[in-house]
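Read-outs throughout are calculated quantities, based only on the coordinates presented, and are distinct from any laboratory measurement. Only a predicted model underlies this, so the values are computations on that prediction, with no experimental measurement involved. All Cβ positions, even for glycine, are placed from backbone atoms using ideal geometry, and neighbour counts span all protein chains on display.
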Amino acid sequence: MAEQISKFSVQLFHSILKLEKSRGFDDDTVIGGIDKYIESWKSDILKLFGDTSEIRKILGESYSALQTQNRQYWVDSWLNLIEPLSNVPVGPRTRKRKSDSPIKNHSVDSSVTILKGVDSKTETKLKRIGVRTIRDMLYLFPRRHSDYSQVSKIADVRPGQEITINATIWEANQIRLGKNGRLKATQAVVGDETGNMKVIWFGQPYLAKQLRPGIKLALSGKMDVFNKAKVLESPDYEIVTPGIPLIHTNRLVPIYPLTEGLTARNLRRIIWNALGGWNSLIEDFMPSDILYRVGLPKLQTAIMDAHFPQDEKSWEIARKRLAFNELFLLMTIIQMRRQTWQKDAYGVSLQKNPEGIQSFIDTLPFSLTTSQEQCITEIIADMEIGTPSMSRLLQGEVGSGKTLVALVALLTTVLSGYQGSIMVPTEVLARQHFATISNLMSGLSNPQIEENLVSACLDTQTKPISVGLVTGSTPKAIKRKIIDKSSTGELDIILGTHSLIQEEVKIPNLALAVVDEQHRFGVTQRSLLRGKGTTTPHLLVMSATPIPRTLALTLYGDLDISTISQLPPGRQKILTRWVPTHKRDAANDFVRGQIRLGRQAFIICPLIEESETIEAKAAIVEYERLSEKVFPDLRLGLLHGKMASKEKETVMTQFHQGELDILVSTPVVEVGIDVPNASIMMIEAAHRFGLSQLHQFRGRVGRGQHKSYCFLLAEDPSSMARERLSAIEQIHDGFRLAEVDLSLRGPGDLFGTRQSGLPNLRMARLSDQDILAKVKHESSIMLSQDPTLSMDKHKLIAKEVSRFQGYAIGEAS
């Protein structure tokens, strides 16, 4: 028996030492510290290794009093002594590895199946949450932590409190509950020196056999009272064993994203063991001099504390280190891309003020805003230079006049003797742009408008300028006619969806490529469009999502930025109100009243983060409820992300043409739909959305002459959610709202997590101005010394840049 205890202790101590090493020797591996643990089994040490002077010397040193370098020597000394006696466990819990020496034969990029507890079924479940390798597992950071670190005495707890207690089991029995005793459960009586209480685990009768009298338990959950007795119902629990760290309670407990069939306890256990065996093998690519200057910890320590921090402070330090990594890699990629662009992008020089542009502007039934004029000046100046060719982001709210600015740039291109193109993500948006351009050109000389083709003269001296529209539904004969005109250079401007990047579409003299709603297109699609020209065309990307300048400079550092910050005079403000639950019926009645007046309405279904499939199913249920119970007398249509493109186009066209009264939509559909007759936007569960998303939805109405309204439906919103709803009620400037949203929620929520075009940042908040400043400074210094990252000290960074680019950016930017 003594031999078994000693053998167990050796394996356990070996695991603790390895974990302590991976954490950077911080003496936080076990509760109470290494010294306390050593003292608890000092007699076993002397029995195993003998009462020698060497052992006495090591035992005589206080680990907590040692400096980091001496702690490393102390740990290594123990490891040299005990490794011959140990089976080298996988992680901090006592157990054998799945193979004799997986660290020699595998790496952190190996499959998770080499981890104990991960069979083929578990592997399939882990894939559903994006985990395929051990590296993926280590970087699967918690969504949040439950604070179970404050331990209470039983006598001090009160009903309704979330509590953590350390107690001894006095008895545990299997019981039956409910009608006919169908529900099995475990009921236990636990106690500490201040009192006793009952604990019930519903649906877990097997615990009655595991929780034997005398076992010490840590329990966390909500305390209640039943028959005047204190009761904990289905709490988190963990058996307390001296020297073994707790992971499910008594600490800040990580809460991970889950999927069907994968329990929180099982995933937490797998990650804990992965950290213990593999975290030390993660290479810290950041040079030590940079870490020293910015004052951040080692990567291995940060990863450990991001999962299992000792307190909130250690988690925040870990988050900042990991955020620094992400932003540093992102900034480096963007700066390198910009350097390459400036070196290789040979464009053409276009005329600054070609004759005819002013004639076009003079025909407009309105004046340009100062902001529009400034953006036009910036764009024309870029295109006049020629090389490197322009790469510019034009951002402005819906209705700010981006299309007109882009059209002036395109006309400048045509008058300089070249062709231009506009690529948009949907057919509806393409047709809207074509209608807008046709309307703007209708006031020119000799306008000629036919199906998918419009032309007009800027003045009596110039030849007609032609614009053609190509989409997936364009009739073949018309499509062939437009493509042929483009191929010969006869067509001046071609407008369309992704059809433009098909091989059959030729634009031989392409000098300016305009991309609208640019986050819907990837790098490859934009490159294919630019590849239509013989030189590198100038690129103008447009976005209707207001982006704070700091965020824009970080995300689009490879683009120059022009911002239309003014709306044209006369743009109406949309009355925006939060509608509490008890006023929902009144809101529905108001919608019906507006529709009787001839108006139309949008209803946005709740945001469901788990998956687009679940979101689509929820939208279908909501659509059926509204159709059958709320608005049975009205014509409703449905849009969701799982519909085929043609189905979506059909529904949007029906709504645009007034064949539907209400459009029920999920939040992932295109925001570009323009229906001047729509006067009401109703958003379900509005508290789940960010301000910029709500503002985008609101921007779908108020485009015509009718007074428009936006209703935000939210049941019992949190204080922060109420703050956001209050902000959008009062603020109508999208850029101000974006700044508020960024400060409240962070970048991942600014646009929503899907179809946003944002890099996939796990820990970074782009509101971290101090980190952003340090990142930009350090990345710039590095690239000024080593533009291609070819120096030996930057080889690990180059490797990480390649990996990060594939994971976090991919086709998004």
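The chymotrypsin sites (Phe, Trp or Tyr not before Pro) found in region 119-220 that occupy coil by DSSP, while having at most 13 further C-beta atoms within 10 Å, are 206. List the residues of region 238-257 whose backbone N lies under 20 Å from a point placed 7 Å from the Cα of residue 161 along the Cα-to-Cβ direction. Inside the label zone: 238, 249-253.
Basic side chains Lys and Arg get +1 at the Cβ, acidic Asp and Glu get -1 at the Cβ, and with that the dipole of region 131-202 about its Cα centre reaches some 580 debye. Pairs from the list 402/776; 298/774; 198/222 with a Cα-Cα gap above 19 Å: 402/776.
Region 376-423 and region 245-266 have Cα centres separated by 52 Å. As a rough guide to protection, the peptides 110-116, 44-50 ranked by mean Cβ packing within 10 Å, highest first, stand as 110-116, 44-50. Applying the criteria of a DSSP loop state and at most 12 other Cβ atoms within 10 Å to the GluC sites (Glu not before Pro) of region 162-236 yields 193. Classify region 410-470 as rounded, prolate or oblate from the Cα gyration tensor: take a ≥ b ≥ c as the square roots of its eigenvalues, call it rounded if a/c is under 1.5, otherwise prolate when a/b beats b/c and oblate if not. Taking the square roots of the gyration eigenvalues as a ≥ b ≥ c, region 410-470 is oblate.
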